[in-house]
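The values are calculated or read from the model by the stated rules, or taken from the named source; none is laboratory data. Note that the structure is predicted; figures quoted are calculated from it, not measured. As a convention, Cβ positions derive from the backbone with ideal geometry for all residues, glycine included, and neighbour counts pool all protein chains shown. What goes into the accessible areas is simple: the full protein's heavy atoms, side chains included, and nothing from ligands, DNA or RNA. Shrake-Rupley method; radii C 1.70, N 1.55, O 1.52, S 1.80 Å.
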Amino acid sequence: MHTPAFGRGASPQRLLTTVLFTDIVDSTARAAELGDRDWKDLAARHHAIVRQQLRALHDRELDTAGAGFFAIFERLAQAIGCATSVIDLAPLDIRIRAAVHMG
């Protein structure tokens, strides 16, 4: 008979969390258009804005991969608020794709 890994009679600890993924739309084409130096500057400004939003919401960046972020939130409303605040970064003339998942 198979015994669950968490022991007989014990219940698994469950954690509900919300994740946010973002990505700069057409980042590859934009990087080619701008050139290395200007693209790095734009990406750094983008990262600073997203990190500012994360700090304001007291949430946590898990990873950044080039033109995107992966962050976790304690509440769904915070993740949605962060996503909507960074989707259109008009001062930088870029658009952001964002996906939120809770589970």
Residue-count net charge about M102 - beta-carbon cut-off 14 Å; Lys, Arg +1, Asp, Glu -1: 0
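Where the accessible area of the chain is counted over protein heavy atoms with a 1.4 Å probe, how much of it, in %, is carbon and sulfur? It would help to have the intermediate numbers written out before the result.
Numbers: 3820 of 7060 Å².
That fraction is 54 percent.
Mind giving me the FRET efficiency for F21 and I80? R0 is 22 Å, r the Cβ-Cβ distance, nearest 0.05 is fine. Let's see the in-between values first.
Details: r = 13 Å, r/R0 = 0.59.
With a Förster radius of 22 Å, E is 0.95.
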Sequence of H46, H101, H58 when ordered by accessible area, the most exposed leading, probe 1.4 angstrom: H58, H101, H46
About the Cα centre, charge dipole magnitude for region 13-103 (Lys/Arg +1, Asp/Glu -1 at Cβ), debye: 320 debye
The chain: calculated mean residue ellipticity at 222 nm from DSSP helix runs of at least 4, using -39500 (n - 2.57): -12500 deg cm²/dmol
Dipole axis of the chain (+1 Lys, Arg; -1 Asp, Glu on Cβ), positive-most option in L54, I72, V86: I72
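What FRET efficiency would be calculated for the residue pair M102, R37, taking the C-beta separation as r and a Förster radius of 30 Å, to the nearest 0.05?
On the way: r = 39 Å, r/R0 = 1.30.
Efficiency, rounded to the nearest 0.05: 0.15.
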Extension gain (nm, one decimal) between F70 and A56, 0.36 nm per residue minus Cα-Cα: 3.4 nm
